[in-house]
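What follows is calculated from the coordinates using simple rules that are stated; it is not laboratory data. The structure presented is a predicted model; accordingly, all values stated were derived computationally and were not measured. Counting neighbours? That spans all protein chains shown, and the Cβs are built from the backbone with ideal geometry, glycine included.
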């Protein structure tokens with residue numbers, strides 16, 4: 001909202017044109033944009049906030065998080081390398097099996113492909129779950145804002161509550177699907193273990209090598225899953241801290257130390273200033289109606 005539109009809105013309100021629902025919707029949308037912009041600003045400008053006393057905790061926490069993220073990323077890379085090498089070794093063993101004409105190796109390769117397919121499906125479902133979680137958080141924020149703005153938003157609040165219930169059901173369905181996939185993966189792993197035992201009996205000379213390869217693949221997959229989960233938690237905290245820093249810098253943008261931290265991002269700072277002013281004007285228009 002511009003200053004001119006704000007003036008027109010006040011003028012039309014005097015004639016009974018309130019449009020409270022539109023104002024509340026605009027506030028929710030602009031608040032979402034504002035938070036995203038604050039996170040971008042914080043992510044870009046946090047290295048320059050070291051000397052700002054109010055941001056000291058956030059600055060040093062981000063420093064620690066980035067060091068931890070780098071260390072975890074290195075572990076992920078190492079585990080991926082191990083996984084690649086183990087797969088290459090497995091392919092080599094498979095080539096040996098083809099030469100010997102042993103059908104058990106072909107069955108084992110088929111099982112590996114099935115397990116890999118199940119793991120890919122699991123990754124897709126987990127990604128969907130993350131999106132559901134983000135939609136749930138956004139709806140909770142929307143419902144909170146509408147509740148704070150007054151009784152006239154009851155229909156919107158009810159819609160949010162229904163949407164939240166739907167997301168809850170969707171999340172439970174996702175959880176059930178993950179449980180089913182985990183059970184299938186466990187069954188396939190057990191089937192693979194039995195098959196491998198049969199192969200080991202036929203190829204005693206290659207038993208140790210094969211077992212080492214399969215153990216490396218299994219462990220590498222577990223390590224990658226574990227490290228990515230740890231990385232996700234730190235990235236989430238990193239984003240929150242960046243939002244806090246960006247909010248402070250944009251609110252106190254006239255302070256010399258804040259200007260110094262944001263000197264290369266004045267365009268983004270200007271956009272945040274415009275958004276924050278628009279939110280304030282829209283809230284002022286709502287307050288004029290509810291007062």
Using R₀ = 25 Å, calculate the FRET efficiency as 1/(1 + (r/R₀)^6) where r is the Cβ-Cβ separation of residue 67 and residue 228; round to 0.05. 0.90
Ranking 126, 254 by Cβ neighbours within 10 Å, fewest first, what do you get? 254, 126
What's the exposure ranking of 264, 121, going from fewest to most Cβ atoms within 10 Å? 264, 121
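How do 60, 281 line up, fewest other C-beta atoms within 10 Å first?
60, 281
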How are the Cα pair distances of region 103-202 distributed, in percent, across 5 Å bins from 0? 2, 12, 16, 13, 10, 9, 8, 7, 6, 5, 4, 3, 2, 1, 0, 0
